[in-house]
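Below: one structure, written as structure tokens.
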Amino acid sequence: MEILRLEETESTNSYAKEHISAMADKTVVHALRQTCGRGRLNRKWVDLGENNLFFSVVLKPSDVFKSVYSNLTQYASVILCKVFENYGINPKVKWPNDVMVDGKRKICGILCETVVEKGSLKGIILGIGVNLNAAQNDVENIPDRVVTALNLEIGKPVNADAFLNEFLDNFFENYDKFLSEGFKFIMNDYLNRNCFLEKDLKVQVLNEIKSGYAKNINNKGELILQTDNNKELILNIGDIL
Ligand code: BTN
């Protein structure tokens, strides 16, 4: 694993995408500042200052896509929860990979992008932003979302490098095992930290909104929604609204 350290870039995901051919498997692109950070659903990821984390993990597990790769964000969300737990907070996962404090305040975000060229998978970019040190005013000014940062939760500043190293050590410790065993490998850890099951949900799936009762997660990490007419919907992508 190699960490490429940048002072400033538009987006570590965009940088990784642009330079993916020259990057080895498990290269981490880390930037102190992001001028145009991107989130899911075409949202922006606001830069809350240099002591927060903006990084992208470039993975090149094979040149064909395997279904386990779509669970990588869930794997990362569990690892992030575990690192946060070592700092004394217990955030929970909102399917598929949002890490939330008290089920409502977002503390980090994951944007996974795949790069495919001529039918061959060139790599997977797992972009992660973690709010570690932010001012209360700044988090309150972020549009569309209720946001928090680790320093605001524990009442003291956090060392960003230490957090990053702990995340990467944990992530790569079981990465190969996760790839060979799939979602089942993290199923218990994921379910024990969920904050969405047994609730009525609205889920945005592409341009549609699906409503239903969150019954369970299957062994592929998909969400099983029970609709009003007692049908089961199995969702493998979506955003809980
Ligand atoms: C989300 O919307 O929840 C995902 C946010 C992901 C933000 C991170 S910050 C590092 C990487 N570079 C980006 O432009 N986005 C991701």
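Laboratory data are not the source of any read-out in this text; all were calculated from the coordinates shown. Only a predicted model underlies this, so the values are computations on that prediction, with no experimental measurement involved. Every residue, glycine among them, receives a Cβ derived from its backbone with ideal geometry; neighbour counts consider all protein chains shown.
Multiply the residue separation of residue 102 and residue 40 by 0.36 nm, subtract the distance between their alpha-carbon atoms, and state the gained length in nm to one decimal.
Result: 20.2 nm gained on full extension.
Where nothing but the Cβ of Lys and Arg (+1) and of Asp and Glu (-1) is charged, how large is the charge dipole of region 2-192 around its Cα centre, in debye to the nearest 20?
580 debye
Lysines near residue 26 by alpha-carbon distance under 17 Å, same-chain residues fewer than 8 away left out - which ones?
Output for residue 26: 17, 60, 122, 177.
How would 30, 19 line up from fewest to most surrounding beta-carbon atoms within 10 angstrom?
Least to most surrounded, the residues fall as 19, 30.
Among 81, 112, 36, whose mean-square fluctuation peaks in a Gaussian network model of the chain (Cα, cutoff 10 Å)?
Comparing 81, 112, 36 in the GNM, the peak value goes to 36.
How much length, in nm to one decimal, is gained on full extension between residue 198 and residue 1, taken as 0.36 nm per residue of separation minus their Cα-Cα distance?
67.0 nm
Excluding residue 114 itself, calculate the net charge of residues whose Cβ lies under 12 Å from the Cβ of residue 114, where each Lys or Arg counts +1 and each Asp or Glu counts -1.
+1
Counting Lys and Arg as +1 and Asp and Glu as -1, what is the net charge of the other residues whose Cβ lies under 11 Å from the Cβ of residue 47?
-2
With the crude spin-label approximation of a point 7 Å out along Cα→Cβ, what separation in nm comes out for residue 159 versus residue 50?
1.7 nm
Just for the chain, what percent of DSSP beta bridges are antiparallel, to the closest 5?
Approximately 85 percent, going by the DSSP bridge assignments.
Please identify, among 32, 41, 164, the residue showing maximal mean-square fluctuation in a Gaussian network model of the chain using a 10 angstrom Cα cutoff.
Top of the fluctuation ranking is 41.
I want the antiparallel fraction of DSSP beta bridges within region 200-240, as a percent rounded to 5.
Of all bridge pairs located within region 200-240, approximately 100 percent are antiparallel.
Exposed loop GluC sites (Glu not before Pro) only (DSSP loop, at most 16 other Cβ atoms within 10 Å): please give the longest stretch of the chain free of them, not including the sites.
51-197
Answer with one residue from 78, 167, 34: the one whose Cα lies farthest towards the positive end of the charge dipole of region 2-192, charges on Cβ with Lys, Arg +1 and Asp, Glu -1.
It is 78.
Based on the Kirkwood radius over alpha-carbon pairs, what value in µm²/s does the Stokes-Einstein equation return for the translational diffusion coefficient of the chain at 4 °C and 1.567 mPa s?
Answer, rounded: 71 µm²/s.
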